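**Q** My structure is below; once you've seen it, I'll send some questions.
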Amino acid sequence: MVVTKFGASPKIEDESRNFDAFVRPFVGGGRNTTIQEIRFTPLLGGIVYSLLGAANEQLDDFGSFYEHAQIKDIYQVLDNLFFDTCQSWYANRGNQQLCDLTSDYQHTFGPISRPLEDNLDDYILAHGERFILPSLNDEERAFTNPLPAMHRSFRRSTYLCTTHGDLNHHNMLIDKEHHTWLIDFQGTGKGHYLRDLAMLDSVVRFQLLPTREASLAECLHMEEALCSITRFPELEQVRDNFTTTNTKLHKAFLTVIHIRLIARQFIGSQSNNDMTEYFIALLHNALRTLTFTTLKLRQREYALLSASLLIDKIDNRK
């Protein structure tokens, strides 16, 4: 099976170089992605990926799969992805080193076209260091403004390794046996070793939870539960105690908990099970989501609330 991608010639060239440097030697699990052909015109490039191990059957991207899948099948796909397909990437971390996570994530995401504040003027009421979200219909509830954290240095002793760099629901392909393939390696390279986990965690909450299926108040309820702890061993207790009658919300919640349990295995005992480093990764993903103008208002509002709760947790305000 093949997948073809078109783009500006320089970007296709970058993607081809990334593939040769970071993907070809490592990604495995018997479900490999290889480059079959590359073609260029002066302005446009095309890259043909061959998905080795894929039978002549329909592959779903993770978004389509997630919409209809049972939670146990989602767990299996996530385990296959992180512990099989990409295992060699994450296992080759090298030694711990001091890293400014803000700089790392800004490099990952690239420059923004306009200040974050310009993306929020239409739907928040700012009051100094706090803001009110009118769509919550709770004028008494004010939240910490997380936008200054976009440029704040978060230095941690951590690991760097090869990561996909853009692990969204369109770049993961799933077969009927729940094996996974990856495509689109333009952002692949060295980075924070929790980068892919934090990005997929954010995609599930902000993009795969349908706006018609969960209100902003329900999203806030879930986010408050997720931000109620500071240590990874507490995840199971939060999972078991969370209550909602909204099945779509509960599905997203369980999926995110499973991703964070995988993150716990990645981290091991090196951080004393503290979740702060993972929260910083989530914070930068939430802030960048505010710039996604193709998302609906509720999705960006949810990202803003998440960023606010995360910065409170990181700074031990609550």
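The values are calculated or read from the model by the stated rules, or taken from the named source; none is laboratory data. Bear in mind that the values here come from a model prediction, so they are computed numbers and not experimental data. Cβ coordinates were reconstructed from backbone atoms using ideal geometry, including for glycine residues, and neighbour counts include every protein chain displayed.
**Q** Within the range 33-47, is there a residue that is surrounded by 15 or more Cβ atoms within 10 Å (Cβ to Cβ), under 23 Å from THR163 (Cβ atoms) and within 22 Å of the chain's Cα centre (by Cα)?
**A** The first filter runs over the range 33-47 and keeps only residues surrounded by 15 or more Cβ atoms within 10 Å (Cβ to Cβ), leaving 33, 35, 45-47.
When the remaining residues are screened for being under 23 Å from THR163 (Cβ atoms), the result is 33, 35, 47.
Now restrict to residues that are within 22 Å of the chain's Cα centre (by Cα): 33.
Checked the range 33-47: at least one residue is surrounded by 15 or more Cβ atoms within 10 Å (Cβ to Cβ), under 23 Å from THR163 (Cβ atoms) and within 22 Å of the chain's Cα centre (by Cα).
**Q** Separate question: Which of the helices (runs of 4 or more DSSP H) found entirely inside the range 246-316 contain at least 2 residues meeting this: free of Cβ contacts under 8 Å to residues at least 60 places away in the same chain and under 15 Å from the mean Cα position of the chain (by Cα)? Let's see the steps before the verdict.
**A** Details: elements: 247-267, 276-289, 297-314.
In the range 246-316, 247-267 are the helices (runs of 4 or more DSSP H) which contain 2 or more residues that are free of Cβ contacts under 8 Å to residues at least 60 places away in the same chain and under 15 Å from the mean Cα position of the chain (by Cα).
**Q** Please find, among THR293, THR276, THR211, THR245, the residue that is more than 26 Å from ASP138 (Cα to Cα) and among the β-branched types (Val, Ile, Thr).
**A** Unique residue meeting the criteria: THR276.
**Q** Right, next: Check off (1) touching a helix residue (DSSP H, G or I) at 6+ places or on another chain (Cβ under 9 Å); (2) surrounded by fewer than 17 Cβ atoms within 10 Å (Cβ to Cβ); (3) more than 30 Å from SER271 (Cα to Cα) for GLN106 and give me the number that stays unchecked.
**A** Here GLN106 clears every test but (3).
**Q** Here is a further query. Taking only pairs six or more apart or across chains, which ones have beta-carbon atoms under 7 Å, a first residue in the range 214-227 that is over 15 Å from VAL256 (Cα atoms), and a second residue that is assigned to a helix (DSSP H, G or I) and of a type in the set (A, V, I, L, M, F, W, C)?
**A** From the range 214-227, the pairs are ALA214/LEU249; LEU216/LEU136; ALA217/LEU136; GLU218/LEU249.
**Q** Mind checking which residues of the range 257-277 are in contact with a Ser or Thr (Cβ under 9 Å, 6 or more places away or on another chain) and surrounded by 19 or more Cβ atoms within 10 Å (Cβ to Cβ)?
**A** Selection gives MET275, GLU277.
**Q** Of the residues PHE26, PHE65, PHE19, only one is in contact with a helix residue (DSSP H, G or I) (Cβ under 8 Å, 6 or more places away or on another chain) and either under 21 Å from GLN186 (Cα atoms) or modelled with pLDDT under 90 (or both); which?
**A** On the way: PHE65 fails: either under 21 Å from GLN186 (Cα atoms) or modelled with pLDDT under 90 (or both); PHE19 fails: in contact with a helix residue (DSSP H, G or I) (Cβ under 8 Å, 6 or more places away or on another chain).
It is PHE26.
**Q** Follow-up. Does THR230 qualify as being touching a residue at least 60 places away in the same chain (Cβ under 8 Å), in contact with a strand residue (DSSP E or B) (Cβ under 7 Å, 6 or more places away or on another chain), surrounded by fewer than 17 Cβ atoms within 10 Å (Cβ to Cβ) and not small (Gly, Ala, Ser)?
**A** Answer is yes for this residue.
**Q** Please enumerate the residues belonging to the range 277-296 that are in contact with a Phe, Trp or Tyr (Cβ under 6 Å, 6 or more places away or on another chain) and not polar (S, T, N, Q).
**A** ILE280, HIS284, ARG288
**Q** Scanning for something modelled with pLDDT of 95 or more, of a type in the set (A, V, I, L, M, F, W, C), farther than 24 Å from HIS107 by Cβ and surrounded by 14 or more Cβ atoms within 10 Å (Cβ to Cβ), does the range 240-249 turn up at least one residue?
**A** Looking for residues that are modelled with pLDDT of 95 or more, of a type in the set (A, V, I, L, M, F, W, C), farther than 24 Å from HIS107 by Cβ and surrounded by 14 or more Cβ atoms within 10 Å (Cβ to Cβ), one finds at least one in the range 240-249, hence yes.
**Q** Sticking with this structure for a sec: With the requirement that a residue be in contact with a Phe, Trp or Tyr (Cβ under 6 Å, 6 or more places away or on another chain), more than 17 Å from LEU101 (Cα to Cα) and surrounded by 22 or more Cβ atoms within 10 Å (Cβ to Cβ), what does the range 161-187 give you?
**A** Within the range 161-187, MET172, LEU173, ILE174, PHE185 qualify.
**Q** In addition: Output yes when any residue across the range 199-206 is charged (D, E, K, R), assigned to a helix (DSSP H, G or I) and out of contact with any strand residue (DSSP E or B) (no Cβ under 9 Å at 6 or more places or on another chain), and no when none is.
**A** Yes, the range 199-206 contains at least one residue that is charged (D, E, K, R), assigned to a helix (DSSP H, G or I) and out of contact with any strand residue (DSSP E or B) (no Cβ under 9 Å at 6 or more places or on another chain).
**Q** In addition: Going by what's in this entry, would ARG298 be described as basic (Lys, Arg) and over 22 Å from TYR159 (Cβ atoms)?
**A** When the stated conditions are applied, ARG298 passes them.
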